[in-house]
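Asks: Before anything else, here's the structure in question.
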Amino acid sequence: MDESLSGDSSRSRTIRRCGLIVLLSGLAACGGGGASSSANNTGGTGTTISSVSPAGIVVAATPATVSLTGNNFAAGMTIAMSSSLGTTRITPTSVTSTSMVVSVPVSTLPSGNYVTLSVMPASGGAALASAILGVAGTARTLAADIQAIFDNAGCTSCHAGAVPSGGLDLTGGSSAAALINRNSVGCATRFRVTPGDPRRSSSVLVDKIQARSSGVAACSGNPMPPPGSTLGAQDIQAIIDWVAGGAN
Ligand code: HEC
């Protein structure tokens, strides 16, 4: 809220129009001001993205419908979709001040990875706000695909019981709550799994399982599994696809 309003010219207009009472009772009391003021907001001052839904998609022949919510979107703004394959410009199918719907050409995306969606101002210039959208090569779910990897790769020989290693319980029934949007113990400012965001800097699970093969150390501690056991390349990719596809 603070972030989206700071430096926003529509705010001062709204406050002048509605009077001091608004300052005491909140901007929401000033009905209708948001939509009309943001329609003029082609420069995109204060534009933010608060969520992307779904968080991740699976590569397919048909385009996927993706909704962005946020603040200070306006007609004429477009989405720049950037990946390792380049940048594509998308015109939203609908825009309000707080939502945008875009049809993403899924067949043109790199699989098992992510793309960056950036809101571009109608008037041209630099990106106003960006968010990550995961792109899975194959649809994976925790229950059908990933839990079996944790079990078969021996993760649960340490990550189980009353005092699981790293404070992380990977046994079936516990693993979803222990991973998804849950802070890492070793790298406390990061989530263990951020749905739709398989970047190592955003999902410590991905960081740990890529630490050995990439030669880039994990944000803390050992690669996973620790020295002595390994995780196959296909299993690593399945876990990345699961996170990229939205960690369902
Ligand atoms: C031999 C015991 C052992 C095995 C097997 C093991 N781990 Fe770990 N794991 C640990 C310990 C100890 C830590 C905490 C210290 C560290 O990060 O190195 C940890 C930390 C982690 C963390 C970070 C937790 C956090 O909150 O920071 C993740 C993610 C993880 N392990 C995933 C796995 C996965 C996935 C597997 C199976 C492929 C696995 N581990 C297998 C012992 C193990």
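Asks: Taking the simple approach of a point 7 Å from Cα along Cα-to-Cβ for both Ser99 and Ala122, what is their distance in nm?
Replies: Going by the 7 Å Cα→Cβ label model, 2.0 nm.
Asks: I would also like to ask the following. Leaving out ligands and nucleic acids, note down the accessible area per residue over region 129-244 with a 1.4 angstrom probe, in whole Å². Spell out each step's value before the answer.
Replies: Working: 5230 Å² over 116 residues.
Using a 1.4 Å probe on heavy atoms only, each residue of region 129-244 averages 45 Å².
Asks: Could I ask something else about it? With a Förster radius of 41 Å, plug the Cβ-Cβ distance of Ser130 and Ser174 into 1/(1 + (r/R0)^6) and report the FRET value to the nearest 0.05.
Replies: Numbers: r = 34 Å, r/R0 = 0.82.
Efficiency, rounded to the nearest 0.05: 0.75.
Asks: Provide the gained length on full extension for the span Leu85 to Asn181, in nm with one decimal, where the gain is 0.36 nm per separating residue minus the Cα-Cα distance.
Replies: Length gained, Leu85 through Asn181: 31.7 nm.
Asks: Return the sequence-ordered ³J(HN,Hα) values of region 126-131 in whole Hz as given by the Karplus equation 6.51 cos²θ - 1.76 cosθ + 1.60 applied to θ = phi - 60°, using x for Gly and Pro.
Replies: 6, 4, 8, 7, 9, 8
Asks: While we're looking at this one, here's another question. Can you check what the Kirkwood hydrodynamic radius comes to for region 48-198, Cα pairs only, in Å to one decimal? Can you show the working numbers first?
Replies: Working: mean 1/r = 0.0582 Å⁻¹.
Averaging 1/r across every pair of different Cα atoms and inverting gives 17.2 Å.
Asks: If you count only protein heavy atoms with a 1.4 Å probe, what accessible area per residue comes out for region 73-126, rounded to a whole Å²? Can you show the working numbers first?
Replies: Numbers: 2250 Å² over 54 residues.
Ligands and nucleic acids excluded, the result is 42 Å² per residue.
Asks: Roughly speaking, to the nearest percent, how much of region 142-244's 1.4 Å accessible area is carbon and sulfur? List each step's numbers first, then the result.
Replies: Values: 2590 of 4800 Å².
The C+S portion of the solvent-accessible surface of region 142-244 is 54 percent.
The values are calculated or read from the model by the stated rules, or taken from the named source; none is laboratory data. Computed from a predicted structure; not experimentally measured. All Cβ positions, glycine included, derive from the backbone under ideal geometry; neighbour counts span all protein chains shown. Accessible surface is based on the protein model in full, side chains and every heavy atom, while ligands, DNA and RNA are left aside. Shrake-Rupley method; radii C 1.70, N 1.55, O 1.52, S 1.80 Å.
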